[in-house]
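**Student:** Here you go, one structure.
The values are calculated or read from the model by the stated rules, or taken from the named source; none is laboratory data. A quick note: this is a predicted structure, and the numbers were derived from the prediction, not measured. All Cβ positions, glycine included, derive from the backbone under ideal geometry; neighbour counts span all protein chains shown.
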Amino acid sequence: MALPSFQIEITEQGWLGTPNGDYDPAVVDLCTHGDIRLVVGGEIIAAGGGGDGYGISEAALGLLRTVGSDYERTEDPDGDRLIPHGCGTTLMMGCGIGIDWSVRHLGDQVRLSEVVRYDSADGANAIRYPGLEVQVASSDYGAEIVAFAEHAKEPFQGLKKSFSDRRDRREYKAFWKEYEQLLRAAG
């Protein structure tokens, strides 16, 4: 059976925990973490189920931004990734680990190219997929991203958050405001 041209789904999602359980991560943690399955151009980039610790809700926002806009992958080892590792200390600030690719809108098509999986912070173990490029219908690309984003926000429903400072509160509110605006526009 042939793999799809583009598929992204959450295979695991939850909160960071602490070994001694001295706080409720669902209250303190600002983003969810977990693993994904990602297929681009019929190639499995991330198989899911490996507990890779990606920043799931952060990835959803980054991906929602690409539904209506182009995105160029960066070679910066500390740069943001479309699928960031959940190692950032604040929302949308990763550590260079993650999965990244370029997104170019071409009328009713979206071209995905320059796929790289960064398995270490220094980029030394980057897995590149040279020549991997695929065009998918804009509607199909958008549908995959919207489904991912809808699933990513589920753990936040009805949750009462606690913030350590005003900056976290402000960033959290700005994050979700943009998230919901982009989700409405894409859906």
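**Student:** Any residue in the range 125-138 that is part of a loop (DSSP other than H, G, I, E, B) sitting within a Cβ distance under 6 Å of a residue that is not small (Gly, Ala, Ser)? List the pairs, counting only those 6 or more apart or interchain.
**Tutor:** Asn125/Asp119; Ala126/Val116; Ala126/Tyr118; Tyr129/Val115; Leu132/Glu43; Leu132/Val115
**Student:** List, please: which pairs have Cβ atoms under 8 Å, are six or more places apart or on different chains, and start with a residue in the range 141-165 that is part of a helix (DSSP H, G or I) and end with one that is of a type in the set (D, E, K, R)?
**Tutor:** Ala147/Glu9; Phe148/Glu9; His151/Glu9
**Student:** Could you list, in sequence order, the residues of the range 33-78 that are at pLDDT below 95, hydroxyl-bearing (Ser, Thr, Tyr) and closer than 24 Å to Leu183 by Cα?
**Tutor:** The answer is Tyr54, Ser57.
**Student:** Any residue in the range 1-16 that is under 14 Å from Gly41 (Cα atoms) sitting within a Cβ distance under 7 Å of a residue that is in a loop (DSSP other than H, G, I, E, B)? List the pairs, counting only those 6 or more apart or interchain.
**Tutor:** Partner pairs satisfying both residue conditions: Ala2/Gly42; Leu3/Gly42; Ser5/Gly41; Ser5/Gly42.
**Student:** Return the residue satisfying two criteria in turn: it lies in the range 164-186 and is of a type in the set (Lys, Arg) and over 22 Å from Ala143 (Cβ atoms), and of such residues it is modelled with the highest pLDDT.
**Tutor:** Here the answer is Lys177.
**Student:** Looking only at the range 100-138, which residues are modelled with pLDDT under 95 and among the polar types (S, T, N, Q)?
**Tutor:** Ser120, Asn125
**Student:** Val103 - would you say it is part of a strand (DSSP E or B), in contact (Cβ under 8 Å) with a residue 40 or more places away in the chain and over 19 Å from Asp29 (Cα atoms)?
**Tutor:** no
**Student:** Now, a different point. When the residues of the range 107-124 are narrowed to those that are of a type in the set (Asp, Glu) and either more than 16 Å from the chain's Cα centre (by Cα) or under 16 Å from Glu43 (Cα atoms) (or both), which ends up surrounded by the fewest Cβ atoms within 10 Å (Cβ to Cβ)?
**Tutor:** In this case the residue turns out to be Asp108.
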